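Enquirer: The structure under discussion is supplied below as structure tokens; questions concerning it will follow.
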Amino acid sequence: MSGTPALSADRVRADVAALLGCAPEEIAPDENLFDRGLDSVRIMTLVERWRAAGATHLEVPDLAERPELAHWTALLEGA
């Protein structure tokens, strides 16, 4: 796995899906994750998990302002 970023798109999708109790492929990139049942407590969980994985700059508002998988992936991959 050398060369694979710690927070790849697959990792982000899998982490979100695990918290929502669904399969990763069920989440559309532009879907509003609040509509899927994500809440502020789960966002805080993701922020702490992803900070531990190297996204030390990440803050809760970064995710809450645009609760879409595609946006989060772009943030976390450094796009």
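Each reported figure results from applying straightforward, stated rules to the coordinates on display, with no laboratory input. In this text, all values refer to a predicted model and were calculated from it rather than measured experimentally. Every residue, glycine as well, gets a Cβ built from its backbone with ideal geometry; the counts of neighbours run over all protein chains shown.
Enquirer: Of all residues in region 40-79, which are exposed (fewer than 12 other Cβ atoms within 10 Å of the Cβ) and of a type in the set (A, V, I, L, M, F, W, C)? If you could, list the steps in order and put the result at the bottom.
Expert: Here is the first cut: in region 40-79, the residues exposed (fewer than 12 other Cβ atoms within 10 Å of the Cβ) are 40-41, 52, 56-57, 59, 61, 65, 78-79.
Within region 40-79, Val41, Ala52, Ala79 meet the criteria.
Enquirer: Does region 27-39 contain any residue that is under 10 Å from Val16 (Cβ atoms), of a type in the set (Val, Ile, Thr) and in contact (Cβ under 8 Å) with a residue 60 or more places away in the chain?
Expert: There is no residue in region 27-39 that is under 10 Å from Val16 (Cβ atoms), of a type in the set (Val, Ile, Thr) and in contact (Cβ under 8 Å) with a residue 60 or more places away in the chain.
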